[in-house]
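Novice: Attaching a single structure in structure tokens format; questions to follow.
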Amino acid sequence: MTSPHDLAEPVCARCRRPVCTDTAKIRRNDPRVRVRMRWPEGPVCVRCYTRALDTYGICAGCGVERLLPGLGSCGTPVCTDCAGGLGQFRCPTCGREAALYTRMACAQCVLAARLAVVLDAGDGTVRPELVPFYKAVCAMPRPRRGLVWLAKPHVPPILRALALDEVPLTHDGLDTLRPWRSGLPARTTRQLRRAARSRPVPAVLPALAAALARLHRPAAPAVA
Ligand SMILES: [Zn+2]
Ligand SMILES: [Zn+2]
Ligand SMILES: [Zn+2]
């Protein structure tokens, strides 16, 4: 016998948006979203899966600090083990628990490798003055955003110019790099300019990396 539940349109177990279980059928303007994974709780859409694999903290089930892709009975984030086994999320390159970006590396490892190539001073190392910037970008909480930023066509030429000392690491030098700040909110740009007036440029670069990391974070809920 068919229950009313069986006839209901399938929804993402987390956000309750309707999902298409056959991705080949998704058409333009289709309100349904793609299923990324089937977990014990039900189908999970791409957005909810990505969020789940960006969640770290103390597991509400076992008290261990680690990746928390699961949801406990009260809706609190739990680790894969406490959620009944959601998959293997250990990066073979760095050993960290994270979503794999390639078959062999998490997004943080890929970002570190790509940025090291772009910032190569010509001798296989990152220019010492740019090391704090390199470390700050690599440590951003959502490294996939860093990879998107690094893939923008104007970014690698600017970073290479800095790495190869073609553009001096001075305020005047940075001022010649207009697109450097593109995508940053005006308020952040003003803060960076103010900071750059009172401190040497290399000291400001980690702040720029932090601003980049904040760029795509979900906005904090408005306080009534
Ligand atoms: Zn969802
Ligand atoms: Zn746990
Ligand atoms: Zn890794």
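Novice: Once R0 is set to 35 Å, what does the formula 1/(1 + (r/R0)^6) return for the Cβ-Cβ distance between Arg47 and Ala161, expressed as a FRET efficiency to the nearest 0.05?
Specialist: Working from the Cβ atoms, E equals 0.45.
Novice: Here is a further query. Debye sum, Cα scatterers, region 4-78, no solvent: what log₁₀ I/I(0) at q = 0.27 1/Å?
Specialist: -1.23
Novice: Set the Förster radius R0 to 45 Å, insert the Cβ-Cβ distance between Arg114 and Cys15 as r into 1/(1 + (r/R0)^6), and round the FRET efficiency to 0.05.
Specialist: According to the calculation, E is roughly 0.90.
Novice: With a/c under 1.5 counting as rounded, go ahead and sort region 1-133 into rounded, prolate or oblate using the C-alpha gyration tensor (a ≥ b ≥ c being the square roots of the eigenvalues; past the cut-off, prolate if a/b is larger than b/c, else oblate).
Specialist: Oblate, because a/c is 1.5 or more while a/b does not exceed b/c.
Novice: Please give the peptides 118-131, 25-38 ranked by average Cβ packing (other Cβ atoms within 10 Å per residue), highest first, as a rough proxy for protection.
Specialist: Going by the mean number of other Cβ atoms within 10 Å, highest first, we get 118-131, 25-38.
Just so you know, all these numbers are worked out from the coordinates, no wet-lab data involved. As the structure is a prediction and not an experimental result, all values here were calculated from the model. Virtual Cβ from ideal backbone geometry, glycine too; neighbours counted across all protein chains shown.
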